[in-house]
Amino acid sequence: LFASVVDAGHRAVIFDRFRGVQDIVVGEGTHFLIPWVQKPIIFDCRSRPRNVPVITGSKDLQNVNITLRILFRPVTAQLPRIFTSIGEDYDERVLPSITTEILKSVVVRTM
């Protein structure tokens, strides 16, 4: 057995080589795992900022530069599902596309 330490503000999903990603989310503390069979995937569950710059066009065909600052964190109960469907870099894959579309719709409505 080896010990895996999950720091404060983090959660871990256990990947088992025989059963796959387990549905339980492990909280803070020291946890014992079977070497080579089980591996912890640790997620940061604290609120983190992200700045997304967007250049979009207004109704009068001018370019508008907007930067949106987002505070985000994952839903801890959904971490196994997030890991299996999107991956560890979920924020890099999901946030830019969502924020770009939302900002463009806001600019179109206000301009």
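The values are calculated or read from the model by the stated rules, or taken from the named source; none is laboratory data. Quantities reported herein were computed from a predicted structural model and do not represent experimental measurements. Here the Cβ is made from the backbone with ideal geometry for all residues, glycine too, and neighbour counts use every protein chain on show. SASA here: full protein model, heavy atoms, side chains in, ligands and nucleic acids out. Shrake-Rupley method; radii C 1.70, N 1.55, O 1.52, S 1.80 Å.
Return yes or no: is T30 in contact with a Ser or Thr (Cβ under 8 Å, 6 or more places away or on another chain) and open to solvent by 30 Å² or more (accessible area, probe 1.4 Å)? Spelling it out, T30 is indeed in contact with a Ser or Thr (Cβ under 8 Å, 6 or more places away or on another chain) and open to solvent by 30 Å² or more (accessible area, probe 1.4 Å).
Here the strands (runs of 3 or more DSSP E) wholly within region 17-57 that include at least 3 residues being under 19 Å from the mean Cα position of the chain (by Cα) are 20-26, 38-44, 48-57. Of all residues being open to solvent by 90 Å² or more (accessible area, probe 1.4 Å) and more than 14 Å from R48 (Cβ to Cβ) in region 89-101, which is modelled with the highest pLDDT? Just the residue, please. Residue satisfying both the conditions and the ranking: R93.
Considering region 33-51, the residues that are buried (at least 17 other Cβ atoms within 10 Å of the Cβ) and of a type in the set (A, V, I, L, M, F, W, C) include one that is farthest from I14 (Cα to Cα), namely C45. The number of residues in region 1-37 that are touching a Leu at 6+ places or on another chain (Cβ under 8 Å) and closer than 18 Å to I82 by Cα comes to 4.
Just so you know, in region 70-88 the residues that are more than 9 Å from the chain's Cα centre (by Cα) and of a type outside the set (A, V, I, L, M, F, W, C) include one that is surrounded by the most Cβ atoms within 10 Å (Cβ to Cβ), and it is P80.
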